[in-house]
1. Under a cut-off of 17 Å between alpha-carbon atoms, report the aspartates and glutamates in cross-link reach of Lys318, not counting same-chain residues fewer than 8 places apart.
2. So what are the ³J(HN,Hα) numbers for region 158-168, from phi and the Karplus equation (6.51, -1.76, 1.60; θ = phi - 60°), rounded to whole Hz, Gly and Pro as x?
3. How far apart, in nm, are two points set 7 Å out from the Cα along the Cα-to-Cβ line at Lys142 and at Asp351?
4. Report the full-extension gain for the segment Glu132 to Ser316: residue separation times 0.36 nm, less the Cα-Cα distance, to one decimal in nm.
5. Using the Cα atoms of region 114-190 to build a convex hull, what is its mean projected area in square nanometres?
6. What list of ³J(HN,Hα) couplings, whole Hz, do you get for region 232-244 from phi and the Karplus terms 6.51, -1.76, 1.60, once you set θ to phi - 60° and write x for glycine and proline?
7. Given 0.36 nm per residue, what is the gain on full extension from Glu122 to Lys205 after removing their alpha carbon distance, in nm?
8. How much FRET efficiency would the formula 1/(1 + (r/R0)^6) give for Asn265 and Phe334, where r is the Cβ-Cβ distance and R0 is 51 Å, rounded to 0.05?
Amino acid sequence: MKKYSVFIWTFIICTQLFASNLEVKTIFGSLTLENELLKIYNLQHIQRLKSLDQTGSPAYWNGTPKISRLDNGLAMLWLVQKFGGDLQEQISALTCDISQTVFSQTADVVFGKANYQESIREWFLHQTTIHEIISGHDWAEKDIISTNPKFKRLLPQSPDDMCARNIAYILNTSLIFKMITENDVQFIISKLRFEEDKWCFINKKAAKKFASLSLALTKGLLGSSDMLVIYHITSRTLKRAIQLQRITENEVHFGTDKQILDKLNACDDREITRLIAKAKIPKTAYRVLKDGEGTPDFVPKPTFSGIDPWIYNKFSKKFKRLSETDGKFKKQFFKVKEFCAKGYKIQLNID
């Protein structure tokens, strides 16, 4: 029976590798991969993204719902393809997350560099065989990284703008966390447009629903004190494991969450064991200090991911920000922005 199962899986993998096209599912709808896109999808470095979680270690230690980075990449690709992006921009969308490390939110601290994953994307692409796939277009690896200014659909024109990356992330995450339904996703997408190099909505209700999700996720999920402390503890754990040579930097770059988790769980170092135990129950690991109360151990500032989307009037051909048309949203938007700028004063209890 075991040999039969191995045969079936081998057959499935070979069929996928040698197929001329492949239909994949995204939260927005089906997507057919052909030619270069299919070859890139089949690269082991892209398939690895199935085993990296969007929210990192909380998905394994705290029961947070799992969101594959590959699913997010396919959603980005769907958006770029659906809204007119050329093949070069589509390839950039599919490979946008390729350089994500294990527990990606920790990379800046572990490697001591801001925006670490973005900074190594071209280097990471050079570690793959993608140049063989794109060579017929006279492109090099640097020509398909998402920071290319010609990729208007992938890049926000300003920090508060929509782009394929944050649209995919916000809707994917909100759906997984049951903040919205599949019908909500379809409603929001049906009112989305790309006009004059801008992502925009043609309906205020859809714009506000989407923008409100961006604020809720900023403050209630990745910007929550629990999450920030878990990421801090995870960073310390990874740095300790690298220092003790229980894991390598190469494994953090090219491994999967489970591979690293298995090594951490098998580690007999008392500090690593204690740190993991604290990360699993973060409320026992810290206290948020009030203004004027004690000296904080660190002051993490959540990344502000709020979106103030454009609304396009197809009759007047003019754009207006949602905040220009909705005073209540404007107040909420700047309140969350101020909250992120202030950050938390955290007193730790992990030593």
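1. List returned: Asp161, Glu195, Glu196, Asp197, Asp308, Asp326.
2. For region 158-168, the Karplus curve yields 8, x, 8, 8, 7, 8, 4, 5, 6, 5, 4 Hz.
3. The two pseudo-label positions are separated by 4.5 nm.
4. 61.5 nm
5. 7.4 nm²
6. With the stated coefficients, region 232-244 comes to 4, 5, 4, 4, 4, 5, 5, 4, 5, 5, 5, 4, 7 Hz.
7. Working: separation 83, 0.36 × 83 = 29.88 nm, distance 3.92 nm.
Once the chain is fully extended between Glu122 and Lys205, it gains 26.0 nm.
8. For R0 = 51 Å, the calculated efficiency reads 0.75.
Taken together, the values in this text are just the output of simple stated rules run on the coordinates, not laboratory data. As the structure is a prediction and not an experimental result, all values here were calculated from the model. Heads up, the Cβs are rebuilt from the backbone with ideal geometry, glycines too, and the neighbour counts pull from every protein chain shown.
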